[in-house]
Every structure is written in structure tokens, then in C-alpha cells.
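Worksheet for the structure shown next.
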Amino acid sequence: MDIDYLILADAATAAGGKLYIHGAGWDGIFGLSFPLQHPGLAVALRLRVPWTDTNRSHVLEMDLMDADGASLLPAPLRAPVTAGRPPQLPVGEDQVIPMAVVISGPTFPRPGTYAVVARIDGLERSRSPFR
């Protein structure tokens, strides 16, 4: 399993096999004073599951980290992910899983560089830095 893309957005929803994304592609949050509590941010991503990786359980983990590698969340967000193999899927074909994750109310202690980090089975697979 791998990540095709990961995009930061103001809002995102996954429904009906599609991603609906609003205010996407930014790389900065602006504030007048710190610590800054942001109302929330969304992460839109698409997982790619190879034919040989179907019917196996994986763990997707999302984290919000500072420049020193410390998490800003009480614990990374974790979710089990398993893609089955539908009977109509052509032999050898990959599947994609669109997902949206909302991080509500993160607090940024100071100006600087931060990143949303996505891991699959404990291994970092994508990172989107912002300031």
C-alpha cells in the first residue's frame, strides 16, 4: 500500500469513491500571536493498493509535527485499512482509496515550519510541510 498524494486543505470529505476538497494546496497558516490555536485543517489523500496487497490489514497513521520532529497531537491519528478484491476487478489491477482526515483545533506554539506526516504500518510514506 502506498500514498498517491496528500494535500492540505481547509475542508475535505471522501464520499462515493471521490474526494471533495475546499481551499486546498496551501502551505502557510498566518496568525498575529502565538501560541496560535487554529480551528482545524483537513488532509485529503489517496491510497493505492496493489493487487498483491489486497485482503491485508494495514494501519494508516496521521501526525502533525514541528520542525524538531515532536508531535503536536496527544497521539497520532490511527485507522486500520483493508482493501478487498472485488470480483469485477481485472487481475493485477490496483485499487485506490480516497480518504479525508480532519485535525481539529491544533495549537501551534510558535512561528516556524510544521508538517502533516502520513505513515503506513509505521513507515513514513508522505509529508506535507507548511509554515
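Derivation of every value follows stated rules applied to the coordinates shown; laboratory data play no part. Keep in mind the model is a prediction, meaning the values are calculated, not measured. Cβ sites come from the backbone with ideal geometry, for glycine too, and all protein chains shown count toward neighbours.
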> Which listed residue (96, 112, 67) has the Cα farthest towards the positive end of the charge dipole for the chain, taking +1 on Lys and Arg C-beta and -1 on Asp and Glu C-beta about the Cα centre?
Replying inline: 96
> Taking H as built 1.01 Å from N, whose amide H comes closer than 5 Å to the amide H of residue 72, not counting residues under 5 places away?
Replying inline: 64, 65, 66
> How much length, in nm to one decimal, is gained on full extension between residue 121 and residue 46, taken as 0.36 nm per residue of separation minus their Cα-Cα distance?
Replying inline: 25.4 nm
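Under a point-charge model restricted to the Cβ atoms of Lys and Arg (+1) and Asp and Glu (-1), what is the dipole moment magnitude of the chain relative to its Cα centre, in debye to the nearest 20? Let's see the in-between values first.
Values: 11 positive and 13 negative charges, 33 e Å.
The dipole of the chain has a size of about 160 debye.
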>> Explain nothing, just compute: Karplus ³J(HN,Hα) = 6.51 cos²θ - 1.76 cosθ + 1.60, θ = phi - 60°, for every residue of the range 37-43 in order, whole Hz, x for Gly and Pro.
In response: 9, 8, x, x, 9, 10, 10
> Can you list the residues of the range 59-77 with backbone N under 16 Å from a point 7 Å past the Cα of residue 131, pointing along Cα to Cβ?
Replying inline: 66-68
> Along its principal axes, what span do the Cα atoms of the chain show, with the longest given first and each in whole Å?
Replying inline: 55, 28, 18
